[in-house]
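The values are calculated or read from the model by the stated rules, or taken from the named source; none is laboratory data. The structure presented is a predicted model; accordingly, all values stated were derived computationally and were not measured. Methodologically, a virtual Cβ is constructed for each residue, glycine included, from the backbone with ideal geometry; neighbour enumeration extends over all protein chains shown. Just so you know, the surface numbers come from the protein's heavy atoms only, side chains and all, with ligands and any DNA or RNA stripped out. Shrake-Rupley method; radii C 1.70, N 1.55, O 1.52, S 1.80 Å.
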Amino acid sequence: MSTPYDVINPSTGRTIRAVHHASLEETDAVIARAHAAAPAWARVDPADRGRLLRRFADVIDAHLAELAEMEIENSGHTRGNAMWEAGNVRDVLHYYAAAPERLCGKQIPVAGGIDLTFQEPLGVVGVIVPWNFPMPIFGWGVGPALAAGNTVVVKPAELTPFTALRLAELALEAGLPEGVLNVVPGEGPVVGQRFVTHPHVRKVCFTGSTAVGKRLMALAADDLTRVTLELGGKSANIVFADCDVDAAAAAAPGAVFDNAGQDCCARSRILVQRSVFDRFMESMEPAVHAVRVQDPSLNGDADMGPLISDTQRQRVRGFVEDADSAVQIAFRGEAPDGAGWWYPPTVVVPTGTGDPLWQEEIFGPVVSVLPFEDEADAIAMANDTAYGLAGSIWTDNLGRGLRVARGVRAGNLSVNSHSAVRYSTPFGGFKSSGLGRELGPDALDAFTETKNVFISTAH
């Protein structure tokens, strides 16, 4: 039987309401509905499937403010972020609404006939959504999966289920058939694990920790279930002496403290060329103090909200206040006292590149800063990590920017900017940051099988 689970507002520490978590049997029933709906959805004409996705996007557009308010309350996101996140779901659906009519195969020259390829849907796709960006990552999996003709089952994070549940209602309002898009709240070891062990689920998209991603991948092997894994990060923000150092310092807090640092792409390691290290730190300090950490439901101009839970706050504290070695806090901002899971923006200077602060994903508003000597040193320090998701390079030398971008082992890099993720370009990581790519023009390749058909012309 399903069990109730209290969902907490992280800004207040108070219960919003209870959500019922699905049992294994209930999860199987939802997967069965998606499986039953799959053949009819795959047969929908490409133009009609595109129209339905555009209609879904338009219905979301009419409910942007409602969805944003849900995310502010449930996730503690700032108002600006929450509105952008709701709009991102809309935009991703609009982008992939064009894909069904462009899902082309090939005509391959062969002897004795004609050879054609077709991109055919997999069937049921499972999307496991994390708590840090519930709406965008919902859209990143659902949009291309539906466009390719698959049905979808979504497991939202236990801490942040509300927008996913509402989006499923809006899908029905837009005219998507019953069973095409399904949301199943529940625990990871029950619902999420069932996605990768159920024979009718042919692909799973997972965003979350590297440890859990490895376990899901191992479970998926039994049925050869495809997986796309978007996992952890410890991204470098590399600042060369030839750049506009003040501009780089002013931009650095937003690159790590956005969403309270709960972002796998957060530039949580800052590498500054030694000759401008002191100047960079002096310029960054007032920018950190200027970060407004406030209850986003009460302050529309807040720059940062709370951490998602007390458990997450204790994890962050463990790296800074409870570390075995003395932590040098360079400076930190302010955060509210009292109820809610607050933590101030914090800048630390680790003991070296082996320090856990430098190596491990903290997933909170803590950034480490160290100096480097030259280009080769910067690349070596940036790559000295198990992760490889994102990163930034600040330089006025275009050649250097390209050399360093090619040298850093990460999937999403930007030069003189921290904006490396767009729905129109591929997203994914190297090394322990994941497997496969999401978004961009080729995303449907990950949600289809290639079928080859030879037609003899010999007779």
### Task
Can you confirm whether region 334-343 contains a residue that is closer than 25 Å to D244 by Cβ and surrounded by 14 or more Cβ atoms within 10 Å (Cβ to Cβ)?
no
### Query
Does V288 satisfy the criteria of being in a helix (DSSP H, G or I), more than 15 Å from the chain's Cα centre (by Cα) and of a type in the set (V, I, T)?
yes
### Residue ID - least open to solvent (accessible area, probe 1.4 Å), chosen from residues in region 292-318 that are among the charged types (D, E, K, R) and part of a helix (DSSP H, G or I)
R313
### Message
What are the pairs with Cβ atoms under 7 angstrom where one residue, in region 25-54, is under 20 Å from A174 (Cβ atoms) and the other, located anywhere, is of a type in the set (F, W, Y)? Sequence gap at least six, or different chains.
### Response
L53/Y96
### Message
Need the failing condition index for E120 against (1) touching an Asp or Glu at 6+ places or on another chain (Cβ under 6 Å); (2) surrounded by fewer than 19 Cβ atoms within 10 Å (Cβ to Cβ); (3) in a loop (DSSP other than H, G, I, E, B), just the number.
### Response
(3)
### Query
Can you pull out the residues in region 319-371 that are in contact with a Phe, Trp or Tyr (Cβ under 7 Å, 6 or more places away or on another chain), under 23 Å from S75 (Cβ atoms) and assigned to a strand (DSSP E or B)?
V366
### Query
Limited to region 425-453, what total is found for residues that are loosely packed, with under 12 Cβ neighbours inside 10 Å and over 22 Å from the mean Cα position of the chain (by Cα)?
4
### Task
Filter region 166-203 down to residues that are without any contact (Cβ under 8 Å) to a residue 24 or more places away in the chain and of a type outside the set (D, E) and give me whichever is surrounded by the fewest Cβ atoms within 10 Å (Cβ to Cβ).
P189
### Query
Which residue pairs have Cβ atoms under 8 Å apart, sit 6 or more places apart or on different chains, and have a first residue in region 313-336 that is charged (D, E, K, R) and a second that is open to solvent by 70 Å² or more (accessible area, probe 1.4 Å) and at pLDDT 95 or above?
E334/H289
### Task
Inspect all residues belonging to region 397-414 and state whether any of them is touching a helix residue (DSSP H, G or I) at 6+ places or on another chain (Cβ under 8 Å), modelled with pLDDT of 95 or more, open to solvent by 80 Å² or more (accessible area, probe 1.4 Å) and farther than 28 Å from V124 by Cβ.
yes
### Summary
Note on region 25-49: residues of a type outside the set (D, E), buried (at least 16 other Cβ atoms within 10 Å of the Cβ) and assigned to a helix (DSSP H, G or I) are T27, V30, I31, R33, A34, H35, A37, A38, W41, A42, R49
#### Entry: Candidate set: region 258-284, residues that are without any contact (Cβ under 8 Å) to a residue 60 or more places away in the chain and open to solvent by 20 Å² or more (accessible area, probe 1.4 Å); chosen: the one nearest to the chain's Cα centre (by Cα)
S283
### Query
Within the group E71, E101, E66, E85, which residue is in a helix (DSSP H, G or I), open to solvent by 60 Å² or more (accessible area, probe 1.4 Å) and within 30 Å of G305 (Cα to Cα)?
E66
### Query
Quick one: I108 ticks every box in (1) part of a helix (DSSP H, G or I); (2) open to solvent by 30 Å² or more (accessible area, probe 1.4 Å); (3) over 28 Å from P161 (Cβ atoms) bar one, so which box is it?
(1)
### Query
Among the numbered criteria (1) under 15 Å from V92 (Cβ atoms); (2) free of Cβ contacts under 8 Å to residues at least 40 places away in the same chain; (3) β-branched (V, I, T), which single criterion is violated by T163?
(2)
### Hey, A18 within 26 Å of the chain's Cα centre (by Cα), in a strand (DSSP E or B), under 30 Å from E73 (Cβ atoms) and of a type outside the set (F, W, Y) or not
yes
